[in-house]
Amino acid sequence: MQLTERYADKIKDFDRGYGHEAMARGGALAGRLEEARHQCQQAAELGARIQDEEDRTIFLGDLHAGPWFALEGSFPNSGPRIPSSDHS
């Protein structure tokens with residue numbers, strides 16, 4: 001993520017989203033669910049703001065695809081299921 005911030009003026013808007021997606025998947029794989037949820041939310045927010053429609057469609061398709069490991073529950077039109085952090 002440091003590289004996407006350091007070179008923000010040289011990267012496309014989808015690059016930051018993909019960075020957060022990678023962090024989310026890595027966190028989910030490692031069982032760091034709070035981090036994974038946060039990164040996934042960041043990716044989704046950035047993805048929704050991608051300017052180019054084709055780029056946005058591709059990014060969101062990738063985000064919605066599995067595997068999501070501990071956050072599994074992906075559905076074709078809704079992306080990963082992000083469980084709530086409360087334990088009730």
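A few remarks follow.
- Residues being small (Gly, Ala, Ser), out of contact with any strand residue (DSSP E or B) (no Cβ under 7 Å at 6 or more places or on another chain) and in contact (Cβ under 8 Å) with a residue 24 or more places away in the chain - total across segment 33-70: 4
- In segment 4-32, the residues that are without any contact (Cβ under 8 Å) to a residue 12 or more places away in the chain and either of a type in the set (Ser, Thr, Tyr) or touching a helix residue (DSSP H, G or I) at 6+ places or on another chain (Cβ under 9 Å) (or both): 5, 7, 8, 11, 15, 22, 26, 30, 32
- Selection of segment 1-60 for residues being in a helix (DSSP H, G or I) and of a type in the set (Ser, Thr, Tyr) yields 4, 18, 57.
- Members of segment 1-26 found to be under 22 Å from residue 66 (Cα atoms), surrounded by fewer than 19 Cβ atoms within 10 Å (Cβ to Cβ) and of a type outside the set (D, E, K, R), listed by number: 1, 18, 22, 26
- Residue, surrounded by the fewest Cβ atoms within 10 Å (Cβ to Cβ), within segment 27-61, restricted to residues that are among the acidic types (Asp, Glu) and at pLDDT below 95: 34
The values are calculated or read from the model by the stated rules, or taken from the named source; none is laboratory data. Just so you know, these numbers come straight off a predicted model, no measurement behind them. All Cβ positions, glycine included, derive from the backbone under ideal geometry; neighbour counts span all protein chains shown.
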